[in-house]
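One structure below.
The values are calculated or read from the model by the stated rules, or taken from the named source; none is laboratory data. All values derive from a computational prediction rather than experimental measurement. Neighbour counts run over all protein chains shown; Cβ positions are idealised from the backbone, glycine included.
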Amino acid sequence: MIKMARKTVNKKGWWGIFLHATWPTLLAIVLTAVVFTTVETFDAGLSALVAGLIVWALSAVSILLIAAVWKNHRDMAIPIAMGAFVAKLVILGFLLAIIPAPDWLHSIGAAVGALVAIVIWQAGEILVFLNTRRLIYS
């Protein structure tokens, strides 16, 4: 008889998704920053850390917004989340165009830090979402 590993079931809804996507993302961001600090320079590690934390913060705000709206207006959660996503990209693009990059910014470190945060957050979010169970009767 083959015994399969038990999957963790998320019963905390959006808050569970937030928690399960956060810890691996923050761990990956710190590891990326340490690698860049060791292999390149302190500025490269700092750039990876700051860029990764910005991506994490924006992703966290999106999930927290969905969780807050879901509590009282479930039918509006997805449209508001999509609108917030578009607004987030527009605001971020506007700020990137207006604010000059600091001298210490290492572009490759920042790009890799942001990419690592995006990939790990999305993977964590998808995996925990697949294991989320919504109570039908509460």
- Message: For the stretch 66-75, give me each residue that is farther than 16 Å from residue 129 by Cβ and surrounded by 13 or more Cβ atoms within 10 Å (Cβ to Cβ).
- Response: 68, 69
- helices (runs of 4 or more DSSP H) contained entirely in the stretch 22-138, each with at least 3 residues that are within 25 Å of residue 12 (Cα to Cα) and of a type in the set (Phe, Trp, Tyr): none
- Identify all residues within the stretch 54-82 that are without any contact (Cβ under 8 Å) to a residue 40 or more places away in the chain, of a type outside the set (Ser, Thr, Tyr) and closer than 29 Å to residue 110 by Cβ; write none if there are none. 57, 58, 61, 65, 81, 82
- Can you name the number of the only condition in (1) among the aliphatic types (A, V, I, L, M); (2) in contact with a Gly (Cβ under 8 Å, 6 or more places away or on another chain); (3) modelled with pLDDT of 95 or more that residue 39 fails? (2)
- Item | the stretch 87-118: number of residues that are closer than 20 Å to residue 61 by Cβ, β-branched (Val, Ile, Thr) and out of contact with any helix residue (DSSP H, G or I) (no Cβ under 8 Å at 6 or more places or on another chain) | 3
